[in-house]
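J.: Please see the structure below; I have some questions.
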Number of protein chains: 2
Amino acid sequence: MTACWLELPDDALFGVHNLPYGVFTTPDEPSRRRIGVAIGDYVLDAGAAAHATQALREVAAPLSAPALNPLLAAGRPVWTQVRAALIAWLTDADHRPAVEPCLLPRQDVALHLPFEVGDYVDFYSSEHHATNLGRLFRPGSEPLTPNWKHLPIGYHGRSGTVVVSGTPVIRPRGQRKAPDQDAPGFGPSRRLDIEAEVGFVVGAASPLGVPVPLDAFADHVFGVCLVNDWSARDLQAWEYVPLGPFLGKSFATSLAPWVVPLDALDHARTAPPARDVAPLPYLDDREDAEPWGLDLDLEVRLNGTVVSRPPFAGMYWTPAQQLAHMTVNGAGLRPGDLYASGTVSGPEHGTEGSLIELAWNGERPLNLPDGSTRTFLEDGDEVTVSATAPGPHGTRIGLGEVTGRVRPAGSAPLAPH
Amino acid sequence: MTACWLELPDDALFGVHNLPYGVFTTPDEPSRRRIGVAIGDYVLDAGAAAHATQALREVAAPLSAPALNPLLAAGRPVWTQVRAALIAWLTDADHRPAVEPCLLPRQDVALHLPFEVGDYVDFYSSEHHATNLGRLFRPGSEPLTPNWKHLPIGYHGRSGTVVVSGTPVIRPRGQRKAPDQDAPGFGPSRRLDIEAEVGFVVGAASPLGVPVPLDAFADHVFGVCLVNDWSARDLQAWEYVPLGPFLGKSFATSLAPWVVPLDALDHARTAPPARDVAPLPYLDDREDAEPWGLDLDLEVRLNGTVVSRPPFAGMYWTPAQQLAHMTVNGAGLRPGDLYASGTVSGPEHGTEGSLIELAWNGERPLNLPDGSTRTFLEDGDEVTVSATAPGPHGTRIGLGEVTGRVRPAGSAPLAPH
């Protein structure tokens, strides 16, 4: 691959091997949403570049939409064609005169939810996280439920409250009951937490009644996007038996503004952990030449201090297995469906993807540089999850970051997005 | 209210006091979706009627859309205005010449999903159903979990697999494990079931961070629609601990084609059952002058035979309480959000809303007139849920019906809807 005609440092996380997609507006035209592609410190106005280069209609049309959904719906052959066009525009000096005017400094644009979310599913696929949560939520029982190593456990979340990175998160109110209380009380959550996760963005639809097999993963999944699945542990603990998490999660789920295409993650593919239990055939990737483990390094910062470095490579279930499971009952897929990995937690302290694990249910508070400690989030706290992955020739690519600051319960409402 | 100029029998379920909304196409123009209103054996092409009567733009515009979402988004004042216009068109003889040509025999049109579903939430608000399921799923434990009388338990379902009445339901495959087996097997569900429910269709949006109080129910909910939440009990039993139902539900949820506006249900309002436990203030309707219990009579037919008559009036939690709970954490609402009551089951045998209750986990098979018996659904079975409600002057109004026939596992896929 040739180099970008823009001068980029060798360690640029948004280099020409990455090219993640997002949606932006400019201060001049705050209601005109456009598809942007991150390159260095710039965002490429992709629709304008397609126009300026007189791109083919199948490339230009999806890039000229106000959200990624038409591109998502177009399917893998178009994704390949669009990516090839973007690379050509940014590496071929002949294109430079037409394309360079379509670059905007990234600091000058506002970033929005990159696609309209269809269904949102959250999995629970880190063995370390599930073991930790099992110990904390069900003390005295086996931490992993008997089904855990037979299927990737998941549940549906609220797609209408998925918000873009930077959106403030209002502390939720709700019912919570301590084990020593007779009846629940009501008020602001006292145990507001994060979950650092990796989201997978479904592109090509599948009809009702047709499972998506393991080897069709890349035909349906367009790319990857960081997720923070904010969680009110006290609301969740009281409500979740028997039908699962509801209000403890549905107040907000934050999404990074950049969707990294699967093609950019070729060098991140890695073997998943050994399976202790033989998976049923529809989930069995043990003989696959190229299973879909991904070597992503996550980082969690709380008010600017790194508090965790969760390793995605250790996830027990891969995104291909999650997709195969989610559809094995015949559930159809729509462009814009989003599913998240579940909290990414590694085996060592300092690699957990949630505060309830990092601070062990309040028993092991985190020390911050300002001398304060944290067990759960306080009003005003800001949490940022970022990640990088191996790129070609020893480089790294970035997944950007998903950030959010906690506002007090009862803060002024947020406009619908 | 004056009578319709169409001659309707006194017991017409789709009389002028009802006027439910749906979406239809004609054989001539199978891809032109239009809003229809059921009246007698006809459907009124509402957009055409608005045009023919030179209706005000705020009435004509939402009725001329291809789905109900713009009408839903418009909010209660417009809903009132549109309903008044419809009643005038159908009762005022002066309008008859313009409006009558907009009536089509209902048997000649195809009905579609009446709105694009945003988030789909399923509650669990019949005490009899929850008690029955607790006995069957968790023998030896208290059937109601400790939270049940403190909050309306609910969870998010898959909105992308909500289908209109009449859509065949392909038997799902998946993992299931009998208690006496060591490991799960895989195959078609052997315990395919129904759940007869009442759905509530959200119209007016609410922003993130703003709970919807009990008394704002009618500002946000547009109307009511029957739901059959098909359930694979064997898949569900194996997967649902700890994060709730997933594949046991997500293969299909059927929706009736008609949304009955809340205004048509004035005569159905009734006091909900006495609360054993004092609800927290945000859920407390005990002092309300007009709580939102609804006296709807459901009927479940299996291959044409009535097998159950579930009474909605006995539901422990009302739809107003469900909405207040669903949003108390600040979760926003979007036009087209759908939430269902949970299975409607009464206290007596013959009033249960699911087969697992009616046939008590297979111990008490249902006898059908053809001499066959049922514990769960067999391939080819057809289930229809219908309902009526009190109207003015001793009349009744209909909610129509939601029907579906079971196809064998692996049947040809269904086109995306």
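What follows is calculated from the coordinates using simple rules that are stated; it is not laboratory data. These numbers come from a predicted model, not from an experiment. Note that each Cβ is placed from the backbone with ideal geometry, even for glycine, and that neighbours are counted across all protein chains shown.
J.: Every other copy gets compared here: list the nm distances from the A:P143 label point (7 Å along Cα to Cβ) to its counterparts, shortest first, one decimal.
T.: So the label point of A:P143 gives 3.6 nm to the other copies.
J.: Over the Cα atoms, compute the radius of gyration (one decimal) and Dmax (the largest Cα-Cα distance, rounded to a whole number) for chain A, in Å.
T.: 21.3, 74
J.: With axes computed from alpha carbons, what is the tilt in degrees of helix B:76-91 against the longest principal axis of chain B, rounded to the nearest 10 within 0 to 90?
T.: 60 degrees
J.: In which sequence would A:V383, B:V43 go, from the one with the fewest C-beta neighbours within 10 Å to the one with the most?
T.: A:V383, B:V43
J.: Follow-up. With bins 5 Å wide starting at 0, give me the P(r) of region A:21-112 over every alpha carbon pair, in whole percents.
T.: Histogram of Cα-Cα distances, whole percents per bin: 3, 15, 27, 26, 19, 9, 1.
J.: While we're here: Please list 3J(HN,Hα) in residue order for region B:281-293, calculated via the Karplus relation 6.51 cos²θ - 1.76 cosθ + 1.60 where θ = phi - 60°; whole Hz, with x for glycine and proline.
T.: x, 5, 10, 8, 9, 5, 9, 5, 5, 9, x, 9, x
J.: Identify the residues of region B:273-294 with backbone N under 20 Å of a label point that sits 7 angstrom from the Cα of B:A218 along the Cα-to-Cβ direction, or state none.
T.: Answer for region B:273-294: B:273, B:283-294.
J.: Now, a different point. Can you tell me what percent of all Cα-Cα pairs in region B:158-303 are more than 23 Å apart?
T.: Within region B:158-303, distances greater than 23 Å cover 54 percent of Cα pairs.
J.: Summarise the partner chain shielding of A:167-176 as one whole number: the mean count of Cβ atoms from other chains within 10 Å of each residue's Cβ.
T.: Mean shielding count: 4.
J.: Shifting gears a bit: Using amide H atoms built in the peptide plane, which far-off residues or other-chain residues are under 5 Å from A:V221 H to H?
T.: A:G203
J.: So which of A:K177/B:K177; A:K177/B:K249; A:K149/B:K249; A:K149/A:K177; B:K149/B:K177 end up more than 26 Å apart, counting from Cα to Cα?
T.: Exceeds cut-off: A:K177/B:K177; A:K177/B:K249; A:K149/A:K177; B:K149/B:K177.
J.: Another one. Take every residue in peptide A:233-243, count the Cβ atoms of other chains within 10 Å of its Cβ, and give the average of those counts.
T.: Average neighbour count from other chains, rounded to a whole number: 6.
J.: Rounded to the nearest 5, what is the percent of antiparallel bridges among the DSSP beta bridges in the protein assembly as shown?
T.: Bridges in the protein assembly as shown are about 90 percent antiparallel.
J.: Just checking the output field for B:146-152: average partner chain Cβ neighbours within 10 Å of each residue's Cβ?
T.: 5
J.: Name the most mobile residue of B:G350, B:G166, B:G140, meaning the one with the largest mean-square fluctuation, in a Gaussian network model of chain B with Cα contacts below 10 Å.
T.: Maximum fluctuation in the GNM of chain B, among the listed residues, is at B:G140.
J.: Neighbouring Cβ atoms within 10 Å as the yardstick, rank A:T305, B:T403 fewest first.
T.: Neighbour counts put them in this order, fewest first: A:T305, B:T403.
J.: Please report B:S354, A:S411, B:S372 as a ranked list, fewest other C-beta atoms within 10 angstrom at the top and most at the bottom.
T.: So the ranking, lowest neighbour count to highest, is B:S372, A:S411, B:S354.
J.: Another question, if that's okay. Under 10 Å, Cα contacts only: if you run a Gaussian network model on chain B, which one of B:E287, B:E378, B:E299 comes out with the highest mean-square fluctuation?
T.: B:E287
J.: Only loop residues by DSSP count here, and only those with at most 15 other Cβ atoms within 10 Å; note down the chymotrypsin sites (Phe, Trp or Tyr not before Pro) in region B:128-185 that meet that.
T.: Here no chymotrypsin sites (Phe, Trp or Tyr not before Pro) fit, given the DSSP loop and packing criteria.
J.: May I ask you to evaluate 6.51 cos²θ - 1.76 cosθ + 1.60, the Karplus curve with θ = phi - 60°, for each residue of region B:313-323 and list the ³J(HN,Hα) values in order in whole Hz, giving x for glycine and proline?
T.: Along region B:313-323, the couplings run 4, x, 4, 5, 9, 8, x, 5, 5, 4, 5 Hz.
J.: Further, regarding this structure: Compute the long axis of helix A:127-137 from its Cα atoms, compare it with the longest principal axis of the Cα atoms of chain A, and write down the angle in degrees, 0 to 90, nearest 10.
T.: Result, in degrees: 30.
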